[in-house]
Each structure stands twice: as C-alpha cells, then as structure tokens.
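Heads up: the structure comes next, in structure tokens.
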Amino acid sequence: MKYFTQFESRAIAEQLIEKALFYKANPRIDHAKGAGKRIGCIFLNPSLRTRASTQIAALNLGMEPIVMNMDKEGWALEMKEGAVMNKGTVEHIKDAAAVLGSYFDILAIRAFPSLTNKQEDIEDFIFNQFIKYSGVPVISLESAIRHPLQSLADMMTIGEHAPKNKRIKVVLTWAPHIKAIPHAVANSFAEWAIGCGHDLTITHPDGYQLDPMFTKGAHIELDQHKALEDADFVYVKNWSAFNDYGKIITTDNSWMLTEKHFKHAKSAKVMHCLPVRRNLELSDEILDGKRSIVQEQANNRIYAAQSVISHILG
Ligand code: CP
C-alpha cells in the first residue's frame, strides 16, 4: 500500500481493522518496525485527535513524527499549475511537496475543502497536488471529500460493539450546526459502512443530499424518526448542502438527538467523530449517557493510524 486515501476493498478494510485491534492490545509490539524512519504530518487546517493520534501511532512503531502546521508556520502555498506568483503565495506546491518528500518516508496530509469551489473540492485538488509532487507514500488526515482514518476507527469501534450473528443497522444522521461544515466525514463513513457490508440508512433534512458517489447502496430516509427505528448504531454529523454547495439550508434543532429519539432503538449506540458542539449537534444527555461511544472512537484513532502506517511500512 502506497496511499491511504479512501476505502479500497472489504478485504483490505478487514485486514486493517484486525491489525488495529491487535495494536490496541499490544501497542508497542512493533516498536522496531519504524526505527530510523520519519513521518511528516502536514496540517493545512486545525486538528486535535488526528494530530495527536497519528503522532502516538508513529511513536508506537518507533518512527519519528514531525508536525507542520502549514496554515500558521509554513509559507503560503500556491497550488495552481503555471501560476504567476505575484500575489500572496510564496512557495509553489511543486517545490514544497518535493522538499517534504525528500525529508520524510511517509507524508500525512490534512487539506479541507474550500466549500466555495465545488469542482476543485470534489477533485480533491489540493490533496492530490501533494500526492503528485511528493513522490512518497501519502496518508490522508482528512481531505476535501474523505476522512478515511476516522472511518477506519469508526468501523473498528462498530465491530467491537456490534451484536453477534446479526446484520447490523447503522444510521448516519445529519445534525444542526451554525457553520458550513465539510462533507468528508459523512462521505467517508458512508463509503466505509457500505463497503464493510453494513445496512446503512442516511437521514437528513431535504436539501442535504450527499454526493451520490458515496451513498450508492444506502437507504435514504428524510424522516429521522423512521430512520432511527431498530438502529444498532447512530452516527451523528453535520454537513453543509452538496447540491447548493457549501450552504446552510436549516439549523432545525429538532434534528438534535435526545433520549426521546430512541423510543424504537432502545439499545442503539451513538457515535460522533468529535469535535462536537454540545447541545447544538448532540445533547449532553446523549453524550454523557450510556449510549455514547465517542471516547472509544477517539481512542481507536491511535490504532487505526498505527495499522495504516504499519501497512505502508510493509
Ligand atoms: N475527528 C477528527 O478528525 O478530529 P480532529 O479534527 O480534532 O483531528
């Protein structure tokens, strides 16, 4: 594996999950594997979990992680081919990515979407410029359209909590938010849940349809209460509109889950990738209650990253 940027196959996902579970039980067992190697974690956007868990994962494998917050510490990057750089940008991605590729054995990149240039975002233009010019293996720390390390941790967490001998029902529900939020987590969760063979229902207010590229095979149900019936796992996430690109159409707070929403899904577990806006996206009642497995999800980010890095190291 040279790139970890998206769901590839159920077989690979299962292999990665198995290894992640192994590392969870034995975090330092492969400490010699990454000795003498460096991973560069390049953030064009903020992060708490991805930043810390990727570094811990690399350290568990004996690698040296170096984090660069390019949005604050690096030169302003020009991404466009053939640009005349007579405005704010100082360094071209061609030069910067090539230099980073010469410093690191693996690069890990976070590059959010603009939510204004739809075409550029859906082509994952910025993220792919790093791949094009770095020449080394690349791990996505969340691109414009996908967050595969999050999804791998999510699938691992579902596997740990899933009732046995049953095809589980997973619901991805939109939640209210005051800001325009990217689609990456929701897209990726749908891609991985469907790919891993789960029965996925997606529910959202009208106008919040995700890119159909990621939802083929899911049931779409605009009535949230109906969607939640008999759910085993409920994944909560806000995203902005995809068709009316990057827009906020509603902030209807009846979509925020409370215990009342679980009348017909008594044992459902609730997931969220975090950060979460309490009592806007999800109620304290749910987040602090027995249904919530958000902390386990966050903890599993370490072992998901460790599994992927280990796979790339070979
Ligand atoms: N879930 C997630 O990616 O968290 P951070 O944005 O804090 O890294």
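Miscellaneous remarks
Rundown of residues vs (1) surrounded by 19 or more Cβ atoms within 10 Å (Cβ to Cβ); (2) among the aromatic types (Phe, Trp, Tyr), yes/no style:
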{"residue": "13", "(1), (2)": "yes, no"}
{"residue": "20", "(1), (2)": "yes, no"}
{"residue": "29", "(1), (2)": "no, no"}
{"residue": "43", "(1), (2)": "yes, yes"}
{"residue": "77", "(1), (2)": "yes, no"}
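- Qualifying position, being more than 23 Å from residue 163 (Cα to Cα) and over 16 Å from the mean Cα position of the chain (by Cα), among 204, 183, 219, 225: 204
- Scanning the stretch 67-83 for residues that are in contact with a Phe, Trp or Tyr (Cβ under 8 Å, 6 or more places away or on another chain) and of a type in the set (D, E, K, R) yields a total of 1.
- The residue pairs whose first member lies in the stretch 160-183 and is over 23 Å from residue 301 (Cα atoms), whose second member is small (Gly, Ala, Ser) and in a loop (DSSP other than H, G, I, E, B), and whose beta carbons are closer than 9 Å, counting only pairs six or more residues apart or on different chains, are 167/197; 177/240; 179/240; 180/240; 180/241; 180/246.
- Taken over the stretch 43-59, the criterion of being among the small types (Gly, Ala, Ser) and either away from the ligand (no atom under 12 Å from the Cβ) or part of a strand (DSSP E or B) (or both) is satisfied by 57, 58.
- Where residue 307 falls short, out of the listed (1) away from the ligand (no atom under 16 Å from the Cβ); (2) outside any loop (DSSP other than H, G, I, E, B); (3) not assigned by the TED database to the domain that holds residue 17: (3)
- Pairing each residue of the stretch 190-210 that is within 21 Å of residue 229 (Cβ to Cβ) and among the aromatic types (Phe, Trp, Tyr) with any residue that is outside any loop (DSSP other than H, G, I, E, B) and modelled with pLDDT of 95 or more, provided the two are 6+ apart or on different chains, yields C-beta distances under 7 Å for 208/174.
- Residue match in the stretch 191-206 (condition: touching a Pro at 6+ places or on another chain (Cβ under 8 Å) and more than 16 Å from the ligand (Cβ to nearest atom)): no
- Of residues in the stretch 269-304 being of a type in the set (Gly, Ala, Ser) and in a loop (DSSP other than H, G, I, E, B), the one nearest to residue 186 (Cα to Cα): 283
- Evaluation of residue 258 against the conditions (1) free of Cβ contacts under 8 Å to residues at least 60 places away in the same chain; (2) closer than 22 Å to residue 147 by Cα; (3) among the β-branched types (Val, Ile, Thr); (4) surrounded by fewer than 20 Cβ atoms within 10 Å (Cβ to Cβ) shows that the sole unmet condition is (2).
- Residue count for the stretch 202-211, restricted to those that are of a type outside the set (Gly, Ala, Ser) and either assigned by the TED database to the domain that holds residue 7 or over 12 Å from residue 186 (Cα atoms) (or both): 2
- Identification of strands (runs of 3 or more DSSP E) wholly contained in the stretch 60-178 with 1 or more residues that are over 27 Å from residue 213 (Cβ atoms) and within 16 Å of the ligand (Cβ to nearest atom) yields 64-69.
- Here is the figure for the stretch 221-255: residues that are of a type in the set (Gly, Ala, Ser) and free of Cβ contacts under 8 Å to residues at least 40 places away in the same chain total 2.
- Within the stretch 286-312, residues that are closer than 10 Å to residue 149 by Cβ have Cβ atoms under 9 Å from residues that are surrounded by fewer than 20 Cβ atoms within 10 Å (Cβ to Cβ) and at pLDDT below 95 in these pairs: 308/1, counting only partners at least 6 apart in sequence or on another chain.
- Residues of the stretch 275-293 classified as exposed (fewer than 15 other Cβ atoms within 10 Å of the Cβ) and not basic (Lys, Arg), total: 6
- Against the numbered list (1) aliphatic (A, V, I, L, M); (2) more than 16 Å from the chain's Cα centre (by Cα); (3) loosely packed, with under 14 Cβ neighbours inside 10 Å, residue 59 comes up short only at (3).
The values are calculated or read from the model by the stated rules, or taken from the named source; none is laboratory data. Bear in mind the structure is a predicted one, so any value in this text is a computation, not a measurement. Ideal geometry is used to build each Cβ from the backbone, glycine not excepted, and the neighbour counts take in all protein chains shown.
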